[in-house]
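Structure record follows, encoded as structure tokens.
The values are calculated or read from the model by the stated rules, or taken from the named source; none is laboratory data. Everything numeric here is computed off the predicted structure, so don't read it as measured data. Cβ coordinates were reconstructed from backbone atoms using ideal geometry, including for glycine residues, and neighbour counts include every protein chain displayed.
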Amino acid sequence: MQIVSPAEKVALEAKREELFKAQIDVQERIRKAAALGDLSENAEYHFAKEENRNIQQQLAELEAKLKSVSVVTTDNLPEDVVFLGHTVKLLDLMDDSDMLVRLVGEATPSSPGSDIENVSVNSPMGEALLKSRIGDTVKVKAPRGTLEFKVVEIMS
């Protein structure tokens, strides 16, 4: 079972709705292409059928994921504790650079152009950050050695 924040669950449900709408559009294109006649040489029909199969596969995977997630909330946590769904400002103690990370339950790619990097709670960095407090120094075991970060601020 995977854990997700309430915002992640909402995003998964929005993705499901987006796929449902895309599937309706594709099925309409299939009907229009089929109405043109000879399907053996109808590239638009075959392309739409393939696209429909891809959408159905994505929907099946998403439905399975939604059935197996557990939503956790941060309602009763102290404000200075890092938990799932929080965006945290970290100071890299090796080079004194700042970075923003969002602790997510499911490893989702960061938005293009975003300064915030998504970090799964199951990753070494996520495990180190989970339940840390503002001012704590966390050590992350990485392939290139142990990295150290100071928790500067919890943004949200």
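For region 1-38, a residue qualifies if it is modelled with pLDDT of 90 or more, hydrophobic (A, V, I, L, M, F, W, C) and touching a helix residue (DSSP H, G or I) at 6+ places or on another chain (Cβ under 8 Å), and the qualifying residues are Leu19, Phe20, Ala22, Val26.
Restricting region 75-97 to residues that are surrounded by 16 or more Cβ atoms within 10 Å (Cβ to Cβ) and modelled with pLDDT under 90 leaves a set whose member that is nearest to Arg16 (Cα to Cα) is Gly85. Do we have Pro143 as at pLDDT below 90 and farther than 20 Å from Ala7 by Cβ here? Answer is yes for this residue. So which residues in region 128-140 are within 20 Å of the chain's Cα centre (by Cα) and modelled with pLDDT of 90 or more, if there are any at all? Within region 128-140, Ala128, Leu129 qualify. Within region 122-142, residues that are under 16 Å from Thr87 (Cβ atoms) sit with their Cβ atoms under 6 Å from residues that are surrounded by fewer than 16 Cβ atoms within 10 Å (Cβ to Cβ), at 6+ positions apart or across chains, in these pairs: Arg133/Asp80; Ile134/Asp80.
Here Asp115 meets each of (1) surrounded by fewer than 12 Cβ atoms within 10 Å (Cβ to Cβ); (2) closer than 18 Å to Val81 by Cβ; (3) charged (D, E, K, R) with one exception, condition (2).
Pairs are defined by a Cβ separation below 9 Å, a sequence spacing of at least 6 or placement on different chains, a first member in region 1-16 that is without any contact (Cβ under 8 Å) to a residue 24 or more places away in the chain, and a second member that is assigned to a helix (DSSP H, G or I); no pair meets this definition.
Restricting attention to region 39-83, and to residues there that are touching a helix residue (DSSP H, G or I) at 6+ places or on another chain (Cβ under 7 Å) and among the hydroxyl-bearing types (Ser, Thr, Tyr), which single residue is nearest to Gln2 (Cα to Cα)? Checking each candidate, the answer is Thr73. When the test is whether a residue is charged (D, E, K, R) and free of Cβ contacts under 8 Å to residues at least 12 places away in the same chain, Lys49 does not pass it. Only one of the numbered conditions (1) loosely packed, with under 15 Cβ neighbours inside 10 Å; (2) out of contact with any Lys or Arg (no Cβ under 8 Å at 6 or more places or on another chain) is violated by Val26, and that is (1).
Against the condition assigned to a helix (DSSP H, G or I) and out of contact with any Leu (no Cβ under 8 Å at 6 or more places or on another chain), how does Arg31 come out, does it pass? Spelling it out, Arg31 is indeed assigned to a helix (DSSP H, G or I) and out of contact with any Leu (no Cβ under 8 Å at 6 or more places or on another chain).
Within the set Asn54, Asn42, the sole residue that is surrounded by 11 or more Cβ atoms within 10 Å (Cβ to Cβ), assigned by TED's automatic domain parsing to the domain that holds Leu66 and either of a type in the set (Lys, Arg) or under 23 Å from Lys65 (Cα atoms) (or both) turns out to be Asn54.
Taking the stated definitions as given, is Ala64 surrounded by fewer than 15 Cβ atoms within 10 Å (Cβ to Cβ), assigned by TED's automatic domain parsing to the domain that holds Ala7 and of a type in the set (A, V, I, L, M, F, W, C)? It is true that Ala64 is surrounded by fewer than 15 Cβ atoms within 10 Å (Cβ to Cβ), assigned by TED's automatic domain parsing to the domain that holds Ala7 and of a type in the set (A, V, I, L, M, F, W, C).
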